[in-house]
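Below: the structure, in structure tokens.
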Amino acid sequence: MAYTAGVDIGNSSTEVALLRTSADGTHEFVASALYRTTGLKGTKKNVPGVVNAISRAADSAGIDVDEIDRVLLNEAAPVIGDVAMETITETVITESTMIGHDPSTPGGVGLGQGTSVEITADRADHDPDEPVVVLVPETVDFAVAAGLVNDWVDEGYDVAGAIVQRDDAVLIHNRIDVEIPIVDEVSELDKIPRGQPTAVEVAPQATGKSIDELSNPYGIATVFDLSPEETQKIIPVARALVGNKSAVVIKTPSGDVEERTIPAGKLHIINERGSTAEVPVDEGADVIMETVMDNWPVADVQGESGSNIGGMLNRARASMAEVTGQAVDSIEIRDIVAVDTLIPQEVEGSVAGEFSMESAVALAAMVKTQQLPMQQIADGIESELDTEVIIQGVEANMAVLGSLTTPGTDVPVAILDMGGGSTDAAYMNTDKDIDSIHLSGAGDMVTMLIDSELGLDDRDLAEAVKKFPSAKVQTLFSIREEDGTVDFLDDPVDPSLFGRTVLLEDDGGMRPVPVSKSPEEIRRIRRRAKRRVFVKNAERALNLITPTESIRQIPFVVMVGRSSLDFEIPEMISDALAEYGIVCGRANVRGEMGPRNAVATGLVLSHIGGGSYLDFELPAELSTSLERTPAKTN
Ligand code: ADP
Ligand code: MG
């Protein structure tokens, strides 16, 4: 009996396929295993992860690791992916205009408008016919403030709203004789101009609704009687207030809120013919991607130093140089993918830390080097496990072999390997020749987009938002799903989840998402991120991989990699490709593994010449292991 382990070291995960060969020469896969890749893919740091994954496979096959006769490694594609974000607009409030914010417990309800007046001011200075919005500084106790509001009202003044520095809105609201909207926790109350037209809005509390006048440019225009030109200018204000439960807007004489474009640096895209195209990052994703595709194949991309994107490209280049021991300037960036996005940013000059959704460009880059030091990894595994380690084949080719064990597939076939750092594609024609391509942008980019668009600042949570549908806990016994259907539960949910937006995890668990977004909004953001990265890349990959033929002539497209485990990505890609008449589906490697384990399985098949798993003869270059000269060690 002999045991052979195929090991695929990916950017994110290390996968193993374990084969048993009996004395009579029959082969059988007896186990598979997965462990997260330790260290940067293609470096010696991968060894512990590999050893761990192999041990797991041995465990589940019920054998000792010592019984494994040989380990097959893939020649990992010498590419790594990295992601970055560049903000390209900023909302700036100059002078004293204030835009409102969203305290957790405002008071009252409705829209109030009037002139801003300090609550302790001398009433005689004020015209009783003009409504007022009173300002309550932190030095005034809530009971005193409530008494003063009642005094203003008793003397015939029209108090239309209140802005409070401390978290006292509810306390004041409970003690006054008028029903007015009250916004509190305005930390920098002293910055609010006195004697100016002011509007305060609080949405009805119980309904979960948000404000609807001050988040609408025409609502603000109505309140302040603005001209069309002035209305144009307050659009960023309205946009910043969308979704708020309460808000304040004050009109100052110079009324200065503006949206500025930040110079975000330029990308230099150098093609293989040696010419360079220049794109300013702030022109947005479409222009960047058009330039990339017009200059395909790309030889290198450089970013202006000082910008985030330039920094990211240099970082990726430097880490690759370190891994391979090559000079930084010999490392090339062979692909970038850009996506337009919006990210919440603190408004410059705001009074209480307001946020505005600013435009940004997200970028993923694919860095390429000559060769990864695979031999060093092989040597490391050999000394840990005391077994023969062979570098068996090229990652993309092995992925094709593994994918072809999916029932119902045949050549010609295209595979899409959707991982964490890259979207790889390969095409095998009827002569069994394989072409492959590595594109930047995959699961990690989707996670980054979700993280920033929802303002989570928590990669782990963003990863969960990507993988699971969301819902709103309506009562202790019912949830409303993203599509509006209501589910009744047998057991009550944890009371702390009441009213919250949660993720419905695979194991039946509910995980709260700490943002004030409805399940519908989360779904929209999540699906848009997936579409912009994966549908776009599937189309790019298939078009590039079939240079002479039309994409329509590919009969089969098989999706592998763990991003194809996603509950909606495969369907989105299938829908998009159906327009070209292509049959596209998720792999079922060896008829049982789903889209997992394709490369690891391919390595084993390549070593045994296909066995009974492939119904065609493997060409020599796919069935012989790679001769490698040991990598230079320093
Ligand atoms: P690699 O080959 O580069 O190591 P993988 O094939 O392991 O990559 O894919 C890693 C990516 O798959 C990550 O972006 C991860 O978020 C994503 N992923 C893993 N499991 C799931 C899942 N159940 N649903 C959606 N995405 C998933
Ligand atoms: Mg992979």
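The values are calculated or read from the model by the stated rules, or taken from the named source; none is laboratory data. Computed from a predicted structure; not experimentally measured. Every residue, glycine among them, receives a Cβ derived from its backbone with ideal geometry; neighbour counts consider all protein chains shown. Ligands, DNA and RNA are excluded from the accessible area calculation, which covers all protein heavy atoms including side chains. Shrake-Rupley method; radii C 1.70, N 1.55, O 1.52, S 1.80 Å.
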**Request:** Figure the gain on full extension for Glu384 and Asn150 (residue separation times 0.36 nm, minus the Cα-Cα span) and round it to one decimal in nm.
**Result:** 76.2 nm
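Per Stokes-Einstein, at 10 °C and 1.306 mPa s, what whole-number D in µm² s⁻¹ belongs to the chain, with the Kirkwood radius over Cα pairs as the hydrodynamic radius?
57
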**Complete:** If R0 = 22 Å, then Asp122 and Asp190, at their Cβ-Cβ distance, give a FRET efficiency to the nearest 0.05 of 0.70
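Classify region 349-439 from the C-alpha gyration tensor, please: rounded if a/c falls under 1.5, else prolate or oblate depending on whether a/b exceeds b/c.
Judged from the Cα gyration tensor, region 349-439 comes out oblate (a/c at least 1.5, b/c at or above a/b).
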**Complete:** Projecting the Cα atoms of Ser516, Pro492, Ser452 onto the charge dipole of region 444-521, where Lys and Arg contribute +1 and Asp and Glu -1 at Cβ, the residue farthest towards the positive end is Ser516
**Asked** What is the dipole size for region 1-157, taken about its Cα centre, with +1 at each Lys and Arg Cβ and -1 at each Asp and Glu Cβ, in debye to the nearest 20?
**Response** 1620
**Request:** Compare Lys191, Lys466, Lys245 by solvent-accessible area with a 1.4 Å probe and give them largest first, with all protein chains kept in place.
**Result:** Lys191, Lys245, Lys466
**Request:** Take the Cα of Val178, step 7 Å along the line toward its Cβ, and report every residue of region 138-168 whose backbone nitrogen sits under 17 Å from that point.
**Result:** 144-164
**Fill in**
With every protein chain kept in place and a 1.4 Å probe, the residues Glu75, Glu290 fall, from largest accessible area down, as Glu290, Glu75
**Request:** Please go through the residue pairs Lys191/Lys517; Lys466/Lys517; Lys41/Lys517; Lys41/Lys467 and name each one whose alpha carbons sit more than 25 Å apart in this structure.
**Result:** Lys191/Lys517; Lys41/Lys517
**Prompt:** Once you sort the root eigenvalues of the Cα gyration tensor of region 497-634 as a ≥ b ≥ c, which label holds: rounded (a/c under 1.5), prolate (a/b larger than b/c) or oblate (the other case)?
**Reply:** prolate
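State, as an integer percentage, the relative contact order of the chain based on alpha-carbon contacts under 8 Å between residues 6 or more apart.
15
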**Item:** Share antiparallel - DSSP beta bridges, the chain, percent rounded to 5
**Value:** 75
**Asked** Between Val287 and Tyr218, what is the label-to-label distance in nm when each label sits 7 Å out along the Cα-to-Cβ direction?
**Response** 3.1
**Request:** Would you work out the relative contact order for region 444-521, in percent, from Cα pairs under 8 angstrom that are 6 or more residues apart?
**Result:** 26
**Prompt:** How large is ³J(HN,Hα), in whole Hz, for each residue of region 215-227 in order, when computed from phi with the Karplus curve 6.51 cos²θ - 1.76 cosθ + 1.60 and θ = phi - 60°, using x for Gly and Pro?
**Reply:** 8, 10, x, 6, x, 5, 4, 5, 4, 9, 6, 8, 7
**Message:** Let's see if you can work this out: charge +1 on each Lys and Arg Cβ, -1 on each Asp and Glu Cβ, no other charges. What is the dipole magnitude of the chain about its Cα centre, in debye to the nearest 20?
**Reply:** 1780
**Item:** Cα-based helix-to-principal-axis angle, 536-545 vs the chain, degrees rounded to 10
**Value:** 30
**Prompt:** Ranked highest first by the average count of other Cβ atoms within 10 Å around their residues, in what order do 136-145, 325-334 fall?
**Reply:** 136-145, 325-334
**Rounded, prolate or oblate (a/c below 1.5 giving rounded, otherwise prolate when a/b exceeds b/c) for region 444-521 by Cα gyration tensor** = prolate
**Tilt relative to the chain, helix 285-294 - C-alpha long axis, 0 to 90 degrees, to 10** = 30
**Stretchable slack from Gln474 to Val170, in nm (0.36 nm times residue separation minus alpha-carbon distance)** = 107.0 nm
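Taking the Cα centre of region 97-250 as the origin, how large is its charge dipole in debye, to the nearest 20, when only Lys and Arg (+1) and Asp and Glu (-1) carry charge on their Cβ atoms?
660
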**Prompt:** Counting each DSSP H run of 4 or more residues in the chain as -39500 (n - 2.57), what helix-only mean residue ellipticity at 222 nm follows after dividing by all residues, to the nearest 500 deg cm²/dmol?
**Reply:** -7500 deg cm²/dmol
**Descending Cα extents along the principal axes, region 107-223, whole Å** = 35, 27, 27
**Request:** Putting +1 on Lys and Arg Cβ atoms and -1 on Asp and Glu Cβ atoms, find which of Val242, Phe224, Thr139 reaches farthest to the positive end of the dipole of region 97-250.
**Result:** Val242
**Prompt:** Which whole-number percent is the relative contact order of region 97-250 (Cα, under 8 Å, 6+ apart)?
**Reply:** 31
**Item:** Pairwise label distance in nanometres, Ala327 with Ser227, each label 7 Å out on the Cα-Cβ vector
**Value:** 6.2
**Message:** Placing +1 on the Cβ of each Lys and Arg and -1 on the Cβ of each Asp and Glu in the chain, which of Ala2, Ser13, Val178 has its Cα farthest towards the positive end of the resulting dipole?
**Reply:** Ala2
**Message:** How large a share of the accessible area of the chain, in percent, is made up of carbon and sulfur atoms when the probe is 1.4 Å and the other protein chains stay in place?
**Reply:** 46
**Å² per residue, accessible surface of region 97-250 at 1.4 Å** = 44
